[in-house]
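The structure appears right after this line, and notes come after that.
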Amino acid sequence: MKTIIKKITGNEKTDDKIIKKAADIIKRGGLVAIPTETVYGLAGSALLEDSARKIFEAKGRPSDNPLIVHIAVPEDAEKIAYPDERFYRLAREFMPGPLTVILKKKENIPTEVTGGLDTVAVRCPSNPVAHRLIEVSGHPIATPSANRSGIPSPTCAEHVIEDMDGRIDMIIDAGRCDIGLESTVVKLTDDGCMILRPGAITAEMLEKVCGNVKVAEAVTRPDAVKDSKAESPGMKYKHYSPKAEVLLVECDDKEFSEYVRTHVSPDVTEGVITTSDKAEAYDFGTENILCPDDGNDAKAFARSIFFLLREADSLGWKKIYIKCPPKDGVSLALYNRLIRSAGGNTVKP
Ligand code: TXA
Ligand code: MG
C-alpha cells in the first residue's frame, strides 16, 4: 500500500485540506496516523468493525487488547457509552487532555473495538489536529498508539514512518508530541477511581476532583497480571521495549554514576539515558549518553523517553542503563513504562 505523508504547515487553508483528506479516508474505513498531545495514534472509525480489524493487523496487536475511542467533546460520550456525573466531574477538569475513562459501552461500538469487553475507553484529545479530524470526520475514532505492537510508542512522525509506512493510508506529521507518554487510563469506582495506566494526569491531580484514588497493582508490578483477568488487557503484554536490553538501576544519582562507570562496556554498544544536568554533574565513564533536549525534570524526561529509547536502537546500542525513576507524580508513568521496557531487568547495586 502506498502511504501518503503530509506535514502540518500552520497555514489554515493547507492544513484544512490535509484534515479533510484524512477524514475522508477514515469515513471510508481506512487508517490515518495522527498527532495527539500524548503520542502519535493510529486512527480508524470506531463505528466500523473492519477498521478495527485493520488497526490490529497494521500494529500486529492481539485482538483482545481493546482500543481507546477518541471523541471531540465530552458530551459525545453519550453517543457511544453511558457516562454519569462521575465522568463529567473528571471531564470538566481534565478534558480535552490526556485522560481516558472506561465506561459501559453502547451497542453501536463493535466488540472488535473493545476486544470483546462490554466497556469502552473514552478520550477527548486536546491536540488541535486530532480534535479537528474527529469533528470533520463525524465519527468517533479508535486510536491506539501508532507503533508496531510491543515497541516504544512513536512521539514524532519519523518513528511512525518507521513502523507504519506501507501499512496504512496516510500519516500526518505535526512534529514532536508535547507529553510523550500515553494518557492516564482510569476506571470509575463507588468512591473515586482506579488508575489502570498512569500518565500526565497524576494520582495527586485526580484526588483533588474524584475522592479516593487507587492505583492498580499491575501499574508497578507487571508480573501481577500474566492472566486474562487483567483489568486493562494491555497491561499483560510485553510493551515499550526497544531492541536493546534495558537495565533499570535502583539507587541514587551518585551510586548510579558509580554503577555505570564500573559496569558499562567501554565500546560503542552500551550507553546511558539520563537528564543533561546529571550528565554534567557525574562522570559516567562513557561518551554514550542520551538526554532530553528541553529540561531536566520528570516532565521533560517523560516527553523524551520513548524518543530516546528508539534513538539508542538507531545508534546500535545493545544495552541501555537508566536510573530507576521514583513512583510519584508524573514519574509513576515513567516508572510504569520503564519496568515494562526492561522486562523486569532491574538491579540494586
Ligand atoms: O494517549 C493515549 O491514550 C494514546 C493516544 C494515541 O491517544 N493511545 C493509546 O492507546 O495509548 P493504546 O491502544 O496504545 O493503549 C490503550 C490502553 C491499553 O492498555 C488497553 O488495554 C486499555 O487502554 N483499554 C482500552 N480499552 C479498555 C477497556 N475497555 N477496559 C480496560 N482497559 C482498556
Ligand atoms: Mg500502545
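Summary table below
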item	result
Strands (runs of 3 or more DSSP E) contained entirely in the range 1-50, each with at least 3 residues that are touching a His at 6+ places or on another chain (Cβ under 8 Å)	41-45
The range 54-84: number of residues that are in a helix (DSSP H, G or I) and out of contact with any strand residue (DSSP E or B) (no Cβ under 9 Å at 6 or more places or on another chain)	5
Scan of the range 47-81 for residues that are within 16 Å of ligand 2 (Cβ to nearest atom) and either open to solvent by less than 10 Å² (accessible area, probe 1.4 Å) or at positive phi (or both), ordered by number	Ala52, Ile55, Ala58, Lys59, Gly60, Leu67, Val69, His70
So Glu207, is it open to solvent by 10 Å² or more (accessible area, probe 1.4 Å), without any contact (Cβ under 8 Å) to a residue 24 or more places away in the chain and either away from ligand 1 (no atom under 15 Å from the Cβ) or farther than 19 Å from Ile18 by Cβ (or both)	yes
Pairs where the first residue, in the range 333-345, is open to solvent by less than 10 Å² (accessible area, probe 1.4 Å) and the second is assigned to a helix (DSSP H, G or I), C-beta under 6 Å, 6+ apart	Leu334/Ala302; Asn336/Val219
Condition met for Leu332 (closer than 25 Å to Val268 by Cβ, outside any loop (DSSP other than H, G, I, E, B) and not charged (D, E, K, R))	no
Positions within the range 87-134 being of a type in the set (D, E, K, R), farther than 27 Å from Asp178 by Cα and buried (at least 20 other Cβ atoms within 10 Å of the Cβ), in sequence order	Lys105, Glu112
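The values are calculated or read from the model by the stated rules, or taken from the named source; none is laboratory data. These numbers were taken from a predicted model, which means no experiment stands behind them. All Cβ positions, glycine included, derive from the backbone under ideal geometry; neighbour counts span all protein chains shown. The protein model used for the area step is the full one, side chains on, heavy atoms only, and it has no ligands, DNA or RNA in it. Shrake-Rupley method; radii C 1.70, N 1.55, O 1.52, S 1.80 Å.
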